[in-house]
1. Does the stretch 100-125 hold any residues that are within 25 Å of Arg57 (Cβ to Cβ) and crowded, with 20+ Cβ neighbours inside 10 Å, and which are they?
2. Here are Gly133, Gly99: which of them is assigned to a loop (DSSP other than H, G, I, E, B) and either on the phi > 0 side of the Ramachandran plot or not assigned by TED's automatic domain parsing to the domain that holds Ala166 (or both)?
3. Here's a check for you: in the stretch 55-89, which residue that is among the basic types (Lys, Arg) and near the ligand (Cβ under 10 Å from one of its atoms) is farthest from Ser27 (Cα to Cα)?
4. Give all pairs with beta carbons closer than 8 Å in which a residue from the stretch 26-48 that is within 16 Å of Ala9 (Cα to Cα) and not assigned by TED's automatic domain parsing to the domain that holds Ala12 meets a residue that is part of a helix (DSSP H, G or I) and at pLDDT 95 or above; count only pairs at least 6 apart in sequence or on separate chains.
5. Which residues, counting only those in the stretch 126-156, are surrounded by fewer than 13 Cβ atoms within 10 Å (Cβ to Cβ), under 23 Å from the mean Cα position of the chain (by Cα) and of a type in the set (A, V, I, L, M, F, W, C)?
6. Of (1) modelled with pLDDT under 95; (2) part of a helix (DSSP H, G or I), Met42 satisfies all except one. Which?
7. State whether the residues of the stretch 108-128 include one that is within 16 Å of the ligand (Cβ to nearest atom), out of contact with any helix residue (DSSP H, G or I) (no Cβ under 7 Å at 6 or more places or on another chain), closer than 23 Å to Ala70 by Cβ and not in a helix (DSSP H, G or I).
8. Quick one: is Val180 assigned by TED's automatic domain parsing to the domain that holds Gly119 and surrounded by fewer than 19 Cβ atoms within 10 Å (Cβ to Cβ)?
Amino acid sequence: MSADRDIDAWLAQRGITLPDSRSRARSTLEEAKIVNPKKARMSEQKLERAEAVLAERFFRVCSAPACQQAASTSGREPLMVDPRSHCESCGGSNNRRAGTDFVEACRRKGIRHVVIVGGSPAVREELESQLNGHIELRMVDGTERHTAEKARHNLEWADLILVWGATELHHKVSEHYTNVAPAVGRKVILVTRRGIAALLDAAMTHLKR
Ligand SMILES: [Zn+2]
């Protein structure tokens, strides 16, 4: 005899806990003949297919406006999840939400090359993993020697430069980017707030102008 699983409990493990979301997910699984409308349980063998059907049909999303926006352009039906950790856009993380949002804002503005001046190695790593594949990123260590020539190359290459003053950033490094002609200065944004979400939010505010 094959094992079976309580359907509602299985859905809840995927963040599908709200009554509306649960009934939509259930009726989708019923239409696909994966679950029987009269039963509270389904066989273990069908779990994989159930997962695939839900993933194809729905975009699991939290209530954050940026995530709702991402869901509405996904081509899939938005399905509200709770807790937010199940959100496909942000995974419950403000940093990830800001990353998704930033990528979208850059895409709209045709921004492909971004230079970030400052930030710790850990933050650099997180930003690279979030933005990679969408945006080409160059990170400048704010504590190391940075030549005028390197800065000039970055200034030419970049569509957008974020000078992150809230982090350890030597004046000698930052002034390569802040002490520039106004035409170049237009793509340079000074950010004085801490945290990845704040950095990217400041950049998006600038892009919206
Ligand atoms: Zn979200």
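The values are calculated or read from the model by the stated rules, or taken from the named source; none is laboratory data. Fair warning: this is a prediction, and the values are worked out from it, not measured in the lab. Here the Cβ is made from the backbone with ideal geometry for all residues, glycine too, and neighbour counts use every protein chain on show.
1. Within the stretch 100-125, Thr100, Asp101 meet the criteria.
2. Gly133
3. So, considering only residues that are among the basic types (Lys, Arg) and near the ligand (Cβ under 10 Å from one of its atoms), the one farthest from Ser27 (Cα to Cα) is Arg84.
4. none
5. Listed by number, the list is empty, since nothing qualifies.
6. (2)
7. The answer is no, given that none of the residues of the stretch 108-128 is within 16 Å of the ligand (Cβ to nearest atom), out of contact with any helix residue (DSSP H, G or I) (no Cβ under 7 Å at 6 or more places or on another chain), closer than 23 Å to Ala70 by Cβ and not in a helix (DSSP H, G or I).
8. yes
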